[in-house]
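Okay, so here's the structure we're looking at.
No lab work stands behind these numbers, since they all come straight from the coordinates. None of these values were measured; they are calculated from a predicted model. Note: ideal-geometry Cβ built from the backbone for every residue, glycine included; neighbour counts use all protein chains shown.
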């Protein structure tokens with residue numbers, strides 16, 4: 001920012017030194033009653049420019065690191081800006097006005113931008129899991145030492161204030177080749193990296209280097225993934241579901257063996273056959289991957305993606321002698337979804353939609369064959385009249401399921417339109433006219449059901465001419481249906 005053609009520095013100027021470097025940085029002064037106020041780490045030099053108190057010693061250097069550098073090279077915006085400070089101590093940064101926020105790590109917040117500045121450090125594994133590390137931060141830790149502790153080569157690049165790229169582990173070459181490669185054998189010390197690698201693969205459809213995949217398999221074999229906490233598993237999973245290739249996330253986890261340990265309900269679907277006349281891909285696991293591919297093209301709603309991920313888990317419990325058919329797999333999947341959501345503390349709205357999709361996706365697929373009373377009861381079970389947004393989510397998940405079959409990717413899905421039409425017709429029944437007619441208590445709900453069913457029979461075009469009469473045979477409303 002400039003005010004009156006004067007430029008104001010910010011602590012990034014530490015990386016260069018001297019007043020000439022101040023032109024590369026900016027500070028936004030606050031303005032009250034015509035007076036400019038600068039942060040406490042600034043003082044005036046010759047009455048014109050604020051500069052830094054306790055200006056850095058010559059060895060101190062600041063570099064932009066991690067995802068910000070990677071994303072800049074990819075030409076995409078990055079919201080997180082991370083910095084590493086080499087050749088400094090915590091006391092020096094505190095004296096410059098930074099605020100320490102890391103209890104176990106030497107991380108500081110910039111006084112104005114609130115971006116994270118971390119002292120260069122090394123880490124040593126002390127116990128299983130991803131929290132058992134001993135941190136060493138000192139002015140003698142080099143930039144290469146700090147970058148070596150990072151997970152992937154594409155995340156182990158840095159840039160100085162002049163825009164020079166520091167790439168000691170050839171991350172740029174891997175970025176151009178679309179390869180996810182670990183930086184050092186220390187990769188095995190943090191099991192979260194397995195999830196991160198799978199998520200990065202889902203973001204760019206990158207392949208995992210063979211040597212990195214081998215390390216991931218060893219980590220799974222050694223039980224490292226068993227030390228993952230529920231919240232971190234869900235955090236990485238839901239972020240992966242929002243990436244452009246969520247199916248790749250599942251595939252990478254399966255390739256390294258982690259899927260069986262983290263999501264056994266999903267892993268056991270692979271290798272289970274389905275009727276080829278309905279599922280040309282046959283394998284239930286492959287069907288799941290195809291469904292995720294379709295779903296992410298239709299929506300970025302991770303609630304829908306999670307419902308698609310879990311909609312067929314009941315097929316994993318079908319006895320072998322019943323294959324390739326999966327009778328009542330819809331209801332058998334419900335307790336599996338409930339257990340999974342408890343295990344990873346998955347939010348209620350994700351769980352509820354997933355259960356509804358698992359339970360009623362076959363109803364949606366068969367909409368054109370359903371009796372009108374079954375259509376209405378399904379709308380009631382879905383709570384569509386009170387939760388129309390969730391009903392819309394349900395239909396999208398069902399459409400992704402239908403299109404997630406070989407040769408069906410571009411087929412129309414009129415069943416969703418039929419359900420939408422049924423919902424519109426039934427919603428037009430005005431409950432106030434029922435109350436005005438003198439109905440009270442339970443009789444209101446019973447009459448509302450009868451009128452909605454009558455409206456469906458009269459207005460919803462049927463593919464079965466004789467169905468309209470049979471639909472009206474049972475107009476008794478059952479609140480337990």
>> With the crude spin-label approximation of a point 7 Å out along Cα→Cβ, what separation in nm comes out for residue 255 versus residue 420?
In response: 3.7 nm
>> Quick check on the exposure proxy: order 243, 218, 115 from fewest to most C-beta atoms within 10 angstrom.
In response: 218, 115, 243
> Roughly speaking, what is the stretch gain from residue 440 to residue 277, that is 0.36 nm per residue apart minus the C-alpha to C-alpha distance, in nm to one decimal?
Replying inline: 53.6 nm
> Using the 10 angstrom Cβ neighbour count as an exposure proxy, how do 134, 265, 338 rank, fewest first?
Replying inline: 134, 338, 265
> With a ≥ b ≥ c the root eigenvalues of the C-alpha gyration tensor of segment 263-471, is it rounded (a/c under 1.5), prolate (a/b larger than b/c) or oblate?
Replying inline: prolate
> Starting at 0 and stepping by 5 Å, how many percent of the alpha carbon pairs of segment 90-242 end up in each bin?
Replying inline: 2, 9, 14, 18, 20, 18, 12, 5, 2, 0
>> Sort 360, 278 by Cβ crowding within 10 Å, fewest neighbours at the top.
In response: 278, 360
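What's the extension gain from residue 459 to residue 433 if we count 0.36 nm per residue and subtract their Cα-Cα distance?
7.4 nm
Roughly speaking, what is the stretch gain from residue 140 to residue 205, that is 0.36 nm per residue apart minus the C-alpha to C-alpha distance, in nm to one decimal? Numbers along the way, then the final one.
Values: separation 65, 0.36 × 65 = 23.40 nm, distance 3.82 nm.
So the chain would gain 19.6 nm between residue 140 and residue 205.
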